[in-house]
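Worksheet: the structure to be examined is printed underneath.
The values are calculated or read from the model by the stated rules, or taken from the named source; none is laboratory data. Since the model is a prediction, treat every value here as computed from it, not as a measurement. Ideal geometry is used to build each Cβ from the backbone, glycine not excepted, and the neighbour counts take in all protein chains shown. Keep in mind that these areas ignore ligands, DNA and RNA; they rest on the heavy atoms of the full protein, side chains included. Shrake-Rupley method; radii C 1.70, N 1.55, O 1.52, S 1.80 Å.
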Amino acid sequence: KILIPGLTFFCILNTSERAVVLGVVIGLLVYLILINDKKGEIIRSAIFTIIPFAISLFFHKYFLKRINNTISGGRGEKNARFKLWKVALALWKKNILFGVGKFPPYTHKPIGGAVQHLTHAHNIYLQMLVTNGLIGLLAYLNLLFSFLLIAIRNLKNKTASVILISIIISFLVEGIFEFFWGDSEVRYLIIYFFGFLVSVLVESDKLVVE
């Protein structure tokens with residue numbers, strides 16, 4: 001119960017993807033708040049998060065650098081995401097309901113760094129608005145909140161509900177800084193895993209849908 005989560009969290013940390021780490025941490029906090037066996041889970045969670053985090057900070061200096069550069073570009077300039085978000089909002093206003101279909105390549109040159117060619121808004125909500133408009137964003141949110149509503153209605157029945165809620169909130173947070181839905185392997189895995197957790201509730205014969 002500790003080794004596999006610990007190794008998984010260690011791997012997540014060493015991707016140096018700050019949005020992913022933030023989403024996982026927020027999701028874990030939600031899980032600890034909702035789970036029944038709080039004392040036992042808090043102890044296990046502390047072990048499989050603190051140890052990998054300490055090891056990563058000690059051996060992986062780039063991970064620490066990425067944390068320090070979360071707000072600024074590391075050279076006295078704002079993160080490129082803020083610029084992308086302004087571009088995304090401007091594009092969305094051209095076709096509010098259906099979007100413009102594609103986010104155009106954006107060239108960013110950090111001070112003292114290499115030229116970056118960015119192809120999405122680094123924000124799933126803004127990216128959806130740009131590519132699919134308000135209708136597309138509402139469809140995506142409806143998908144997530146449909147699963148979230150099922151989990152909330154079955155919160156007293158199964159641990160699977162707590163896990164599902166934690167994962168959805170984790171992705172909602174990560175989506176503020178990343179466009180993970182653009183990766184087909186991530187998209188399919190999310191849908192599959194959500195369906196798997198709902199099937200666990202169905203098999204328990206305690207599924208509440210209304």
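Is there a residue being assigned to a loop (DSSP other than H, G, I, E, B) and of a type in the set (Phe, Trp, Tyr) anywhere in the stretch 84-96? No, there is no match, as no residue in the stretch 84-96 is assigned to a loop (DSSP other than H, G, I, E, B) and of a type in the set (Phe, Trp, Tyr). Just so you know, in the stretch 88-125 the residues that are open to solvent by 30 Å² or more (accessible area, probe 1.4 Å) and of a type in the set (A, V, I, L, M) include one that is modelled with the lowest pLDDT, and it is Ile111.
In summary, helices (runs of 4 or more DSSP H) completely within the stretch 1-74 and bearing 3 or more residues that are modelled with pLDDT of 75 or more and within 16 Å of the chain's Cα centre (by Cα) occur at 3-13, 18-34. The residues in the stretch 162-180 that are of a type outside the set (A, V, I, L, M) and more than 17 Å from Trp85 (Cα to Cα) can be counted, and the count is 3.
In the set (1) in contact (Cβ under 8 Å) with a residue 60 or more places away in the chain; (2) under 20 Å from Leu91 (Cβ atoms); (3) β-branched (Val, Ile, Thr), the condition left unmet by Thr119 is number (1).
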